[in-house]
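The values are calculated or read from the model by the stated rules, or taken from the named source; none is laboratory data. A quick note: this is a predicted structure, and the numbers were derived from the prediction, not measured. Because the Cβ atoms are built from the backbone with ideal geometry, glycine has one as well, and the counts that use them run over all protein chains shown. Accessible surface is based on the protein model in full, side chains and every heavy atom, while ligands, DNA and RNA are left aside. Shrake-Rupley method; radii C 1.70, N 1.55, O 1.52, S 1.80 Å.
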Amino acid sequence: MKTWKPNISVCVCVQVYDTADGTLIQPLKGHKDTVYCVAYAKDGKRFASGSADKSIIIWTSKLEGILKYTHNDSIQCVAYNPVTHQLASCSSGDFGLWSPEQKSVSKHKVSSKITCCGWTNDGQYLALGMMNGVVSIRNKNGEEKVKIERPGGSSSPIWSIAWNPSKDEHNDILAVADWGQRLSFYQLSGKQMGKDRQLNFDPCCVSFFSKGEYIVMGGSDKQASLYTKDGVRLGTIGEQSSWVWTCRVKPDSNYVVLGCQDGTIAFFQLIFSTVHGLYKDRYAYRDSMTDVIVQHLITEQKVRIKCRELVKKIAIYRSRLAIQLPEKILIYELHSDDSSDMHYRVKEKICKRFECNLLVVCSQHIILCQEKRLQCLSFTAVREKEWLMESLIRYIKVIGGPSGREGLLVGLKNGAILKIFVDNPFAITLLKQNTSVRCLDMSTSRSKLAVVDEHNTCLVYDINTKELLFQEPNANSVAWNTQCEDMLCFSGSGYLNIKASNFPVHQQKLQGFVVGYNGSKIFCLHVYSMAAVEVPQSAPMYQYLERRMFQEAYQIACLGVTDNDWKDLATEALEGLDFHTAKKERKKRGESNNQLFLADVYAYQGKFHEAAKLYRKTGHDSRALSMYTDLRMFEYAKDFLGSADPKDTKLLMKKQAASAKNSKEPRAAADMYLTGGEHMKAIEIIGEHGWMDMLIDLARKLDKAEREPLSRCAVFFKKFNHHGYAAEIYNKMGDLKALVQLHVDARHWDEAFSLVEKHSQFRDDVYVPYAQWLAEHDRFEEAQRAFHKAGRQAEAVRVLEQLTHNAVVESRFNDASYYYWMLSMQCLDIARDNTEKKEEMLKKFHSFQHLAELYHVYHSVHRYMSEPFSSNMPEILFNISRFLFHNLTRDAPMGISKVDTLYALAKQSKLLGAYKVARHAFEKLQGLKIPSRYQDSMELSCLTVRSKPYRDSEDLIPMCYRCSTNNPLLNNQGNSCINCRQPFIYSASSYEVLPLVEFYLEDDISDEEAVSLIDLEVPRVQTNSTQRSERISRISRPS
């Protein structure tokens, strides 16, 4: 418990404390009068405070105020919605609802002063406790849905309410505490659950634990008390010197904080100890502080006993169960003697208050332990015996005995260990050690005693001689096996330790405390739950076998081991000539043939031929064969078989081959496997050793139907690069796909292509890996063609796009032009083959054709700007630059520089006398970022061109050959006529406008007829062939 007392003189602020040590973190100033209430939001990111100054302040977790609003009266209580950040604030005359989404606070009048409030778990309803004894339940909009009128009325004001936060409850449960000194519970509908609980004090605060299992309540009795969720008082948490006005439980923990009238704040941690009892496979433990659950650890059956009072102690023994309550002890007994019966009934009630540290129950008595004193009481509360010890009693356990005469094992703080019989007034000292006793247990024969002392050491004594047999460290509890005298287990440091006799400890991970050990089951208590852990007894059994202690090993095996462990036990017993144990093991497995057992005995004695005869006589020839082959007596095995079934002969041959293989005679083993018909095993041996000649001979002898052995041979030929042999096998099998794959893996492309010519279904299997191989070797153009041949148009296009991108990045614009042209042709092929993508591919075709032309043209401009000499004439450079400029009116393609294009155009225009074009180009350059290497020369050229006349040379003006209109050098229509919009046709070398006009055929003229008409000479004299002339004119007419 921690307490601290705030400075009451500064109660107008909100004080924030560190719960670790009570340090004041920061006083929050903002209110002008006494602060009456505070409340945190569910997520802890905000909290609100209400004051007598009629204001509400909302604070962040960083202790910063973010909002303030007011009521007409002093604030009495505040509560955050557990689902949202909606805040309910209550004053003497109204209550308000505020949420971050609202611009204003919605307020609602009430008929009486509100003293307390609280939201349901789902945040849908708000309960208001009032001074007139009424509880009003409202929805999120403030509308009243339920009104609970308490019988006391205004003489019993509601001072605290709380909703049970448990998610296991089917209904929302509201706890109501009033100053009529009553605690009541209601459902959301307003229906009361159970009767009122009388409190005998004025309650001021009620708070549930996070899971709703307990209630904390405080008030005028100057203490905080713990109650069950049903209102049963369990005990006092802490007493204070003044009224407890508020109490809260920290979410998801057992911490409780109290606020008192004198300004004291007390901080408690509640520790709920385990109250339980164990007898063999029955475990009884306390649940919810007022119930007892009895669990059968083997069958996992459970029964709940509701006591409706605080359960203080539990003891269980045989058919008896004792439960200590604050004012009585209840004695229960099983309804029947059935070992699986779980029905308990009350046998006796001892209505008397007892103070004790430990409680033990026997068949006819209960034993109470209080510090040094032990008292034996009958079930009718008659004290029959009393023992006074010399030191505090640390441990007590019933070790059995006749009814009414049971024995008790008692461990004291001074290290003394005693045995007491309930019908004997004198205690018997078994032994005394120097360290305090923590845990005790006695072996089944009562000849050995295991003790865990205060230093966590497990000590084992011989009771008769008082001799310390052995000791083991890191133990917190110990238990003997109830079915085996020499086995015990102890737990500690996260491990379970099993010790048999004097052998080393066998460990495995286990959390918790060992409280019992029965056969192969270990009962372990971890936190508040008991579990039966099945532990195989193989390890201790083998420890006995290593010492050739067969009888003891058999006893351990009976506790629970695997079938293989039983066989190992029988084998070891036979080898050790312990026939009695071996015979018992065989009976355990259901084998009762004595002659078969005798044959096994002869075999272990070395009388192999006699054993073989008995095996044959009992019909177990296979055992004789296994015996001879295990001993590598193959000749004897052959003689034993004689002219037996050929299957047995083959089996013998296989075993002999396996023996030869293990003896590092692989060639002999391979020959034997071949003789025995085990081709796969022979192939594995031959292949592993690389005997290719032997392997090809075998492969040629195999029938083509034996596909698995042939395939395995081919795998080994491939592994050792004998592709010719592998191809021969695949041809023999008729496995064309594997043959194709062989050629592909070996990179024998010519053979693969020849196969594809004959079998086109393998086109993808060849051309796709071929294309990938070409791409890996930087032969991208060939790879693209290979993808195209394989019908992988998407891969072909992707390769071309990557090649194009690389060419542009590396300024290889001629290559980029070529790749774009190839891409356009690829799109044309796809459009021809795929009607669904025809329209899309045709668009891409025109786009790629256009880009191919632009990059082809820009190649010359780039060389002119980057190289000192140019092979192109000024007129050609001028035409190229002008054509490119007309096509760069929008965004330029990647890699094409507008600066280079305009500068080249400006220089050539100035040189050829097109000064108007030159000046326009220089003006365009002013709006671009000029490289520093061009800066000086460009500024000089820009100045000098201004000294020239503002016109272009007439020799350079292009003419439209359709309408004979002269077009300006810089044309708003781009590369088309400004008058008739006819596109210009350019020369691919000089980029001059050619005297050509594109035309389109009428629908009724075929291509063949158009060609024949174009080839005709134009008639010089007017003839009667008027119709022919009209058709020629229809061909020549442009659209």
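Select from VAL16, THR120, SER106 the residue farthest towards the positive end of the dipole of the stretch 1-154; place +1 on Cβ of Lys and Arg, -1 on Cβ of Asp and Glu, and compute about the Cα centre.
SER106
Could you provide, to the nearest whole Å², the per residue accessible area of the stretch 40-136 with probe 1.4 Å?
Result: 40 Å² per residue.
State the percentage of accessible surface on the stretch 18-117 attributable to carbon and sulfur atoms; use a 1.4 Å probe and exclude ligands, DNA and RNA.
48
Name the residues whose placed amide hydrogens come within less than 5 Å of the amide hydrogen of ARG394, ignoring near sequence neighbours (fewer than 5 apart) on the same chain.
Sorted by chain and number, the residues that satisfy this are GLY411, LEU412, LYS413.
Mind jotting down the distance between the C-alpha centroids of the stretch 121-153 and the stretch 32-107, whole Å?
First find each Cα centre; the distance between them is then 19 Å.
What whole-number value in Å² describes the accessible area per residue of the stretch 887-971 for a 1.4 Å probe?
Heavy-atom SASA per residue in the stretch 887-971 reads 58 Å².
When the Cα centres of the stretch 244-318 and the stretch 837-861 are compared, how far apart do they sit, in Å?
Value for the Cα centre distance between the two parts: 83 Å.
Gain in length, ASN721 to ARG981, computed as 0.36 nm per residue apart minus the alpha-carbon separation, to one decimal in nm?
Stretched out fully, the ASN721 to ARG981 stretch lengthens by 86.7 nm.
Can you send over the carbon and sulfur percentage of the accessible area for the stretch 907-962, probe radius 1.4 Å, protein chains only?
Roughly 48 percent, rounded to a whole number.
Report the per residue volume, in Å³, of the convex hull enclosing the C-alpha atoms of the stretch 354-486.
103
Could you compute the net charge surrounding LYS948? Neighbours are other residues with a C-beta less than 12 Å from the C-beta of LYS948; K and R count +1, D and E count -1.
With Lys, Arg at +1 and Asp, Glu at -1, the neighbours total +4.
Ignoring any ligand, DNA or RNA, what whole percent of the accessible area of the stretch 142-233 comes from carbon and sulfur when the probe is 1.4 angstrom?
41
Semi-axes of the stretch 119-212's equivalent ellipsoid from the Cα gyration tensor, sqrt of 5 times each eigenvalue, largest first, rounded to whole Å?
So the three semi-axes of the stretch 119-212 are 20, 16, 11 Å.
Using protein chains only and a probe of 1.4 angstrom, how many square angstrom of ILE1005 are accessible, to the nearest 10?
Probe radius 1.4 Å; accessible area of ILE1005 about 10 Å².
If I take R0 = 56 Å and measure r between the Cβ atoms of ILE66 and ASN357 in this structure, what FRET efficiency does the formula 1/(1 + (r/R0)^6) give, to the nearest 0.05?
Result of the calculation: an efficiency of 0.55.
Would you mind working out the magnitude of the charge dipole of the stretch 390-512 relative to its Cα centre, with +1 at each Lys and Arg C-beta and -1 at each Asp and Glu C-beta, to the nearest 20 Debye?
I would put it at about 160 debye.
Taking the radius of gyration and the Kirkwood hydrodynamic radius from Cα positions alone, what is the Rg/Rh ratio for the stretch 254-408, to two decimal places?
With Rh from the inverse mean 1/r over Cα pairs, Rg/Rh is 1.04.
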